[in-house]
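The values are calculated or read from the model by the stated rules, or taken from the named source; none is laboratory data. Since we're looking at a predicted model, the values are computed, not measured. Don't worry about glycine lacking a Cβ; one is built from the backbone with ideal geometry, like all the others, and counts go over all protein chains shown.
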Amino acid sequence: MINTKLKTRILCSFIFFTIIITSTFALVGMLLLQDAEDIITDQQLDILIKNSKIESLEGVSIYKNKSDIKEKFGLDSVPSKPGNYHFFANNEGKQAIIPTGIFDRWDMWVANPRDREYRIIIPPFEHKSKKTWFVVDLTNSEYTESKMNSINILFYSLLGAFIIIAALSSIFASRWIIKPLKTLSDSIKFNDTETPLNLPLYSNDELGYLAKVISKYDEDKFQQIKNEQAFISDCSHELRTPMTIINNSVGILNELPLNDERRDKVMARITRSGKRMQRLAQTFLLIGRQRQDELEKIILHDLIHDTVKEIQSLNPHHELIVVNTVPKNLTISSRRESISILCNNIIGNCFQHLQTGRLKITTTLENDLLRLSFTDNGPGFSKPTENTDSNIGYGIGLMLIERLCKREKWNLKLEQNVPHGVKISIDLK
């Protein structure tokens, strides 16, 4: 499509439709005028035939046989039944044709123009010996044809006037159509990027619908940007914590003698912080990755068991008891990295925020979906909710879980575990 301004497209559309409509009306009017003239002419000829005065008409030729007419005008066939027949010939009066259909008319008007018009008149007769063909040349008696130059001048004059009117109308129409669009674009252009769009109210039409869609889109994008900024801030803070622990621990480690027993505790702290940074980095990379890994068969019990053992090895003195009730023979088809990071974040979060207590991991079948649940008896939160965000419960850890579930199209549910604690349920697809 040609890249043109809306004003230009409106102008061209007005002029185009003006030409089409004017030409159509002119053509139809011309055809109706000629048909009316032909009807009048035929009626006059019928009157002359009835009164036996057809011979007195100017331009009449009388023929007693068809062969003379064929030879004179070059007709392929000549009618025999009484009646009034049209035929047309070229300027020399040859190559005549009696039009019987649209193709004959196309050949007569466009392909091989024939400007001379005739009538073959066969009056009623009683005996074959009395058959007579009257051929009337109407070329010079057609009023419409004689005025064709004047009609053409009138047509083009009217067409030019209509085009000028259409151009002026398009200017006013353009201003009327474009003004609200320009107001809308200016509202978007000069809006403060730090706040959502504040568009003016429009009528309930296409433009109003467009403004609502733009406002909704901007509101969603603005909220998305705010969420991303908060997420980046939380991620930065979450990564800064283990980095600070590592840096401080390295400083302490350098000050301790090589045979000091406290070095083992410091090294364990460094190892836990390094693992935590690794887990966070893997989660960030997985959430930001566009490509999805292939599905594979996973024994869920073994994966959870290995995850618990790894986290317990980093927290050997932690008193949290983990109960894994997932059936040992349960196999799911999923992405191993996603399931592993999900379990790592939830279980690791419990070890980070709960000093003691119990974490139970279960599976149930809900509406043909496998529901994986993590239930603890910790302090919980003030109000049960679903699809929560990082402001409730476990901070950045829960935010990462929510984002991961959205990426994998898993249903996440967070609820209060009565009487104490939190229950996180994920419907795996």
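Residues in segment 255-270: is at least one touching a residue at least 40 places away in the same chain (Cβ under 8 Å) and either under 30 Å from P327 (Cβ atoms) or not assigned by TED's automatic domain parsing to the domain that holds S333 (or both)? Yes, segment 255-270 contains at least one residue that is touching a residue at least 40 places away in the same chain (Cβ under 8 Å) and either under 30 Å from P327 (Cβ atoms) or not assigned by TED's automatic domain parsing to the domain that holds S333 (or both).
Being of a type outside the set (S, T, Y), within 30 Å of I270 (Cβ to Cβ) and either at pLDDT below 75 or touching an Asp or Glu at 6+ places or on another chain (Cβ under 8 Å) (or both) is a description that does not apply to F190. For the structure I just gave you, tell me whether D42 is surrounded by fewer than 16 Cβ atoms within 10 Å (Cβ to Cβ), among the charged types (D, E, K, R) and touching a residue at least 12 places away in the same chain (Cβ under 8 Å). So D42 passes the test. The single condition from (1) closer than 29 Å to G160 by Cβ; (2) polar (S, T, N, Q); (3) over 57 Å from the mean Cα position of the chain (by Cα) that N51 fails is (1).
For the structure I just gave you, tell me whether N152 is surrounded by 15 or more Cβ atoms within 10 Å (Cβ to Cβ) and either modelled with pLDDT of 75 or more or closer than 19 Å to L31 by Cβ (or both).
no
Restricting attention to segment 51-70, report how many residues are free of Cβ contacts under 8 Å to residues at least 40 places away in the same chain, loosely packed, with under 11 Cβ neighbours inside 10 Å and assigned to a helix (DSSP H, G or I). Of the residues in that region, 2 qualify. Regarding K94, is this residue over 60 Å from the mean Cα position of the chain (by Cα), part of a loop (DSSP other than H, G, I, E, B) and surrounded by fewer than 16 Cβ atoms within 10 Å (Cβ to Cβ)? Answer is yes for this residue.
Got a sec? Which of D368, D376, D306 is charged (D, E, K, R), surrounded by 18 or more Cβ atoms within 10 Å (Cβ to Cβ) and either modelled with pLDDT of 90 or more or out of contact with any Pro (no Cβ under 7 Å at 6 or more places or on another chain) (or both)?
D376
Could you please give the count of residues in segment 26-53 that are over 30 Å from Y156 (Cα atoms), at pLDDT 75 or above and of a type outside the set (D, E)? Of the residues in that region, 5 qualify.
Taking the criterion of being at pLDDT 90 or above, surrounded by 16 or more Cβ atoms within 10 Å (Cβ to Cβ) and touching a His at 6+ places or on another chain (Cβ under 9 Å), the residues of segment 319-356 that qualify are N324, V326.
Got a sec? Which of L48, L75 is surrounded by 16 or more Cβ atoms within 10 Å (Cβ to Cβ), in the same structural domain as N140 (by TED's automatic domain parsing) and part of a loop (DSSP other than H, G, I, E, B)? Only one candidate passes the filter, namely L75.
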